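Everything on this sheet refers to the single structure shown next.
The values are calculated or read from the model by the stated rules, or taken from the named source; none is laboratory data. Treat the numbers as computed from the prediction; the structure is a model and nothing was measured. Because the Cβ atoms are built from the backbone with ideal geometry, glycine has one as well, and the counts that use them run over all protein chains shown. To get the accessible areas, we keep the full protein, side chains included, count just its heavy atoms, and leave off ligands, DNA and RNA. Shrake-Rupley method; radii C 1.70, N 1.55, O 1.52, S 1.80 Å.
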Amino acid sequence: MEEKTLKTSWKQRVAIIIVAVLLLGSVVLTYMLVVLNGNSSSDTSSEAQIAELTEEYQQKSEEIEAAAKPLSDKYFDDFVKYKSEVKSYNSANANAAGLETKDLKEGAGRTLTEGDTDYAAYYIGWCADGSIFDSSFNDNEDPSSLKAPLDAGIGLIEGWNQGVIGMKLGGVRQISMSGALAYGDTQEICGGTNSPLKFVIFAMEPDAKIKELNEELDDIYMRLYYAYAGGSNL
């Protein structure tokens, strides 16, 4: 075989290069389409999951609201009267006093001991200027019903935990606490950090059905949180 048969002409070499470029381009394009379609599919799946979990969360919240209505009907008229306890107070004096408690109604149930979290509560919490920052009322200014009672097992501030010690279930207690026993300098509340707080707390036996529903709601919340995190590639 002669040597010249092993070589290609410049026209052939150009044709080969063009074909190679086209083949490489098609491979890259195919890869990009696969990746983009995959991401699009993943994003669509994540959005669908978030939508589904959001609907589940809303439905579970409505179940809790329905389960809490009989308790609201039973206790609202009595508890709303304690809104009259909400008055302004001296912030410096409250911080200096530390922790103070006053029983507004003596309970007939078991006595809460240190570390006891097996109870539920309706509450009103307010700032030194007399403004309510949180409560069990459906509306702080013009309440007409009570939300589901608070589960004490969720983890509460130190002043609350210390303040209910010795309280009997079924009773109502007013608690005044210094900022150090509330949120300290870790969180702003009532216009700043280290703010003293006051509460009226009505402690009661936990409702088994509401407790179960709250646990289910917490599970949905965590799945929703991770769905959002997955969607943002965190």
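Couple of notes before you dig in:
- Computed from backbone phi, the HN-Hα couplings of segment 82-91 come to 6, 5, 5, 6, 6, 9, 5, 8, 7, 4 Hz, rounded to whole numbers (Karplus: 6.51 cos²θ - 1.76 cosθ + 1.60, θ = phi - 60°; Gly and Pro given as x).
- Computed on segment 112-181, with alpha-carbon pairs under 8 angstrom and 6+ residues apart, the relative contact order is 33 percent.
- Positive minus negative residues near Asp219 (Lys, Arg vs Asp, Glu; Cβ under 12 Å): -3
- Pairs over the 22 Å Cα-Cα cut-off, from the set Lys69/Lys198; Lys105/Lys209; Lys102/Lys168: Lys69/Lys198; Lys105/Lys209.
- Per residue accessible area in Å² of segment 94-137, where ligands, DNA and RNA are left out and the probe is 1.4 Å: 48
- Ranked by the mean number of other Cβ atoms within 10 Å of their residues, highest first, the peptides 51-57, 116-122, 211-217, 167-173 come out as 167-173, 116-122, 211-217, 51-57.
- Ignoring aspartates and glutamates fewer than eight residues from Lys87 along the same chain, the ones with Cα atoms less than 19 angstrom from its Cα are Asp78, Glu100, Asp103, Asp129, Asp134, Asp139, Glu141, Asp142.
- Cross-link reach is defined here as a Cα-Cα straight distance under 17 Å, omitting same-chain residues fewer than 8 places apart; for Lys60 the aspartates and glutamates meeting it are Glu52, Asp151, Asp207, Glu212, Glu215, Glu216, Asp218, Asp219.
- Neighbours of Cys190 by Cβ distance under 15 Å: Lys/Arg scored +1, Asp/Glu scored -1, total -2.
- Surface share of carbon and sulfur [accessible, 1.4 angstrom probe, percent] for segment 177-234: 50
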